[in-house]
Amino acid sequence: MVSAGSTLTRGVTLPILGVGVAGVKMALGFEASMQKIVGLVGVSQDQVDAWSDDVLQMSRKLGTPAEELADALFFVTSAGLKGEAALDALREAAKASESGLGETKVIADAITSAIHDYGEANMTASRATDVLTATVKEGKTEASAIGPVLGNVLPLASELGVSFEDVGAAIASFTRAGVPATKATTQINAIFSGLLKPTDEARDAFEEAGLSVSGLRKEMAEKGLHPTLMKIRDAVGGNTEALAELFPEQRAL
């Protein structure tokens, strides 16, 4: 009986105590992550308390650790999303993470960047997640590489009326060719800069090629990025020197 009691203590009681300690640590981690939203983002305590219940329910339903969801919610709220819109973005990010796209907070960072730059009225969390998923699927990169660099390109893209789908397609094309996502977004952004604020010499070169910069910007918004770039290329017959006059900035070229 002494021997059996000793075995039970080591084999049952201690593991149970270990589970209890781990549970307490998880709960404390979740609470700390939620309080960051109050202290660093400035969301009211009442709102965070209400979100806590929703996040815990989401955790049970999706099987995602509550602390991981809370960390992702910090990114969501930092982007300015509030109320149900914040929970919707978190839910989409968690579902995408469960399907293998990457870490919840990384996905949340990426989709909220799109929502922030295109506006909640024009970009839903579901659509942003779909585009991000397709970009990863069609390209040769991961969401963790795309999320942090979207800020390099989306502000100008949205200003020019270029869709998030077109941006995602461009990133996918670059990365499939072996170009890292960081370099891809920098080069795409350089193209946008060249059309948004061309030098006087570049503007003259566009006119000599029979192209209007304002007309190209309008066409890019209405017909898409790829057809517009092909129109520019065809206008100069694919001549690299002529293209260099249109886009003197090397990254855009």
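The values are calculated or read from the model by the stated rules, or taken from the named source; none is laboratory data. In this text the structure is predicted, and so the values were computed from the model without any measurement. Reconstructed Cβ throughout: ideal geometry from the backbone, glycine too, with neighbour counts over all protein chains shown. Ligands, DNA and RNA are stripped out before the accessible areas are found, and what is left, the full protein with its side chains, is counted by its heavy atoms. Shrake-Rupley method; radii C 1.70, N 1.55, O 1.52, S 1.80 Å.
Taking every alpha-carbon pair under 8 Å whose residues sit at least 6 apart, the chain reaches a relative contact order of 12 percent.
What accessible surface, in Å², does a 1.4 Å probe find on residue 49, ignoring ligands, DNA and RNA and rounding to the nearest 10? Its accessible surface works out to 70 Å², give or take rounding. In terms of Cα atoms, the Rg and Dmax of the stretch 113-253 work out to 15.1, 44 Å.
Output the direction-averaged projected area (hull surface divided by four) of the convex hull of the alpha-carbon atoms of the stretch 121-171, in nm². List each step's numbers first, then the result.
Numbers: hull surface 13.6 nm².
Computed as one quarter of the Cα hull surface, the answer is 3.4 nm².
For the chain, the spread of Cα coordinates along the three principal axes comes to 97, 40, 24 Å, biggest extent given first.
Please arrange 211, 243 by accessible surface area, largest first, computed with a 1.4 Å probe and ligands excluded. Let's see the in-between values first.
Working: 211 15, 243 35 Å².
Order by accessible area, largest first: 243, 211.
The length gained on full extension between residue 177 and residue 226, counted as 0.36 nm times the residue separation minus their Cα-Cα distance, comes to 16.0 nm. Rolling a 1.4 angstrom probe over the protein heavy atoms with all chains in place gives the chain an accessible area of 52 Å² per residue. Can you give me the C-alpha center-to-center distance between the stretch 171-186 and the stretch 203-238, rounded to a whole angstrom? Their Cα centres are 22 Å away from one another. Per-atom-type breakdown for the stretch 97-216 gives carbon and sulfur 48% of the accessible area (1.4 Å probe, protein chains only).
Per residue, the convex hull spanned by the alpha carbons of the stretch 172-219 comes to 94 Å³.
If R0 is 45 Å, the Cβ-Cβ spacing of residue 46 and residue 253 corresponds to a FRET efficiency of close to 0.25. Hydrodynamic estimate: the Kirkwood radius of the stretch 80-145 over Cα pairs, inserted into Stokes-Einstein at 4 °C and 1.567 mPa s, corresponds to D of 112 µm²/s.
Treating the beta-carbon of each Lys and Arg as +1 and of each Asp and Glu as -1, no other charges, what is the dipole magnitude of the chain about its Cα centre, to the nearest 20 debye?
On the way: 22 positive and 33 negative charges, 172 e Å.
So the magnitude is around 820 debye.
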